[in-house]
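Working notes, beginning with the structure itself.
The values are calculated or read from the model by the stated rules, or taken from the named source; none is laboratory data. Model, not experiment: these values are computed from the prediction. Don't worry about glycine lacking a Cβ; one is built from the backbone with ideal geometry, like all the others, and counts go over all protein chains shown.
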Amino acid sequence: MNKNYKILICDDNEAFCYLLKEQLLEEGFNVDAVYDGSFAIDAIKKKNYDVLLLDLNMNDVQGEEVLKFVMEYNVSLQVIILTTIEEIKKAVQCIKMGAYDYLTKPYDKDDLIFSINRACEHKDLIVKTTLLSKEVSKKSSDTIVGKSTELKRVMNLAMKAAMSDSNILIEGETGTGKELFAEYIHKHSARKEKPFVVINCASLPDQLIESELFGHEKGAFTDAKSTKQGLVEIAHGGTLFLDEIGELSLALQPKLLRFLENGEYRRIGGITNLTSNVRVIGATNRNLLEEADNKNFRKDLLFRLNVITLTIPPLRDRKEDILLLANHFLETKSPIRAPKHLSPEAEQVLLNYSFTGNIRELEHIIERAIIFAETEFIQPEDLNLPLANLPIRALQVADGEQFPVELISMDDVEKWHIARILKKNRWDRARTANDLGISPKTLYTKIKKYQLKQD
Ligand SMILES: Nc1ncnc2c1ncn2[C@@H]1O[C@H](COP(=O)(O)OP(=O)(O)OP(=O)(O)O)[C@@H](O)[C@H]1O
Ligand SMILES: [Mg+2]
């Protein structure tokens, strides 16, 4: 009900703490209580609380000091001041310092619960805004389109992975939908109400990745003007997506390993171990087992990560999905008043294309075609493919030269190919027949059939 929000009570009146704790436990919150400011500071360093209920008058370390610490240390933690009527001025001062709310003792239980719930919502909002401003939370088009058996198999496994809470490794060529699947898993998991945080391990230098991931203390390095929370903290309760995890440096890998092992980490420049609870999904377009054999990636980290491995097949291995996806992009990207469709010829071209950039490439091809097509129907030339109409993929691989796109029939292609290999071998027929994998006799017949002549 209360999404497991974590509340810390700090008040030197033990009996009062006990009572309050019982009431909040009944409401479904996760509650700890401490009896002095210094204990509160320790507890906040160790656990990621959502709301702190803070008494102002305590023996040792006073409430204001704790509040000051929170404002520097954990800006998303919401503080509600518990005070007496006589001290209302102090409480107002605390609001100015950044506390979320105050309540006067004896408090009304409903008022208290109301205030705590609002503080929790406020915290969620802050986390979301931080994510948006970091652009780590992406716009989501969460439909996974496809009906091929290969894709269905991956979807099935993704669903099972979502139900579990294990770490996951997603493998696949560029543009196959690794991030889409990671988000799909998050949205179908018990963590769906909490943040989905993305960091690309290849996008930043080492120290910045570390400080993005784990945060830093004020003064930890030249630019560290204030304490910063790491993404592992922001993602608390949710999912952390480490894109291009194969690029993570060997220096950072042990730190991530430790975090995966027991949820512990340290901010840069910090001396206390902090903990956070996130599920990690890593994505890579490399073969990490090979990388591990070559000592570029730690095996122990790989085994922590690939409890479940999802391998997304390239688009050329699931041709059934090509037109479905193309039509999906046409539907979502065409102007509503002027919907566009694929002509049968354009469909044929797409079905024969190799899509080295996979679904992202298909998406771009369609976006461009929508702009270029002059009529309602997209023609092959609107697709603007580098080697359009290429019927035999092997040719494209073997061939450095441009394939003449006007060749349509198989005979045209055969003629072109034989002529090319003959030319390459200076008309040595035995070698050419050998290269082509046909007998010299067949070659002879084909030379006659196509009327090929040495220049
Ligand atoms: N099955 C699918 N259905 C609909 N859209 C898809 C599908 N797979 C991928 N896409 C879309 O294709 C684009 C590329 O997908 P995504 O960014 O998830 O790929 P990726 O594997 O993470 O790529 P990279 O390795 O380059 O980071 C996105 O716009 C995504 O929404
Ligand atoms: Mg990606």
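Cβ-Cβ contacts under 9 Å between residues 6 or more apart (or on different chains), taken from a first residue in region 250-262 that is over 20 Å from Lys46 (Cβ atoms) to a second residue that is assigned to a loop (DSSP other than H, G, I, E, B) and aromatic (Phe, Trp, Tyr), are listed as Leu250/Phe297; Gln253/Phe297. Every listed requirement among (1) within 15 Å of ligand 1 (Cβ to nearest atom); (2) among the charged types (D, E, K, R); (3) over 19 Å from Asn4 (Cα atoms) is met by Lys187 save one, (3). Restricting region 163-180 to residues that are in a helix (DSSP H, G or I) and either more than 28 Å from Ile365 (Cβ to Cβ) or out of contact with any strand residue (DSSP E or B) (no Cβ under 6 Å at 6 or more places or on another chain) (or both) leaves a set whose member that is farthest from ligand 1 (Cβ to nearest atom) is Met163.
Taking the criterion of being part of a loop (DSSP other than H, G, I, E, B) and at positive phi, the residues of region 195-239 that qualify are Gly219, Gly237. The sole residue among Arg266, Arg279 that is buried (at least 16 other Cβ atoms within 10 Å of the Cβ), within 26 Å of Gly175 (Cα to Cα) and not acidic (Asp, Glu) is Arg279.
The criterion of at least 2 residues that are at pLDDT below 95 and either more than 24 Å from the chain's Cα centre (by Cα) or within 12 Å of ligand 1 (Cβ to nearest atom) (or both) is met by the following helices (runs of 4 or more DSSP H) wholly inside region 287-346: 320-333.
Scanning region 33-71 for residues that are surrounded by 17 or more Cβ atoms within 10 Å (Cβ to Cβ), among the acidic types (Asp, Glu) and not in a loop (DSSP other than H, G, I, E, B) yields a count of 2.
The condition of being modelled with pLDDT of 95 or more, crowded, with 17+ Cβ neighbours inside 10 Å and within 16 Å of ligand 2 (Cβ to nearest atom) holds for only one of Phe196, Phe181, that being Phe181.
Checked against (1) touching a Gly at 6+ places or on another chain (Cβ under 7 Å); (2) farther than 21 Å from Thr176 by Cα; (3) hydroxyl-bearing (Ser, Thr, Tyr), Thr284 meets all criteria but (2).
Here is the figure for region 1-31: residues that are surrounded by 19 or more Cβ atoms within 10 Å (Cβ to Cβ) and without any contact (Cβ under 8 Å) to a residue 24 or more places away in the chain total 1.
Which one is nearest to ligand 1 (Cβ to nearest atom), of the residues in region 263-286 that are polar (S, T, N, Q) and under 20 Å from Ala161 (Cα atoms)? Once the filter is applied, the top-ranked residue is Asn285. Given the options Asp32, Asp11, Asp42, name the one that is over 33 Å from the mean Cα position of the chain (by Cα) and outside the structural domain of Lys225 (by TED's automatic domain parsing). Being over 33 Å from the mean Cα position of the chain (by Cα) and outside the structural domain of Lys225 (by TED's automatic domain parsing) holds for just one of Asp32, Asp11, Asp42, which is Asp11.
Scanning region 93-145 for residues that are away from ligand 1 (no atom under 16 Å from the Cβ), modelled with pLDDT under 80 and surrounded by fewer than 18 Cβ atoms within 10 Å (Cβ to Cβ) gives Lys128, Thr129, Leu132, Ser133, Lys134.
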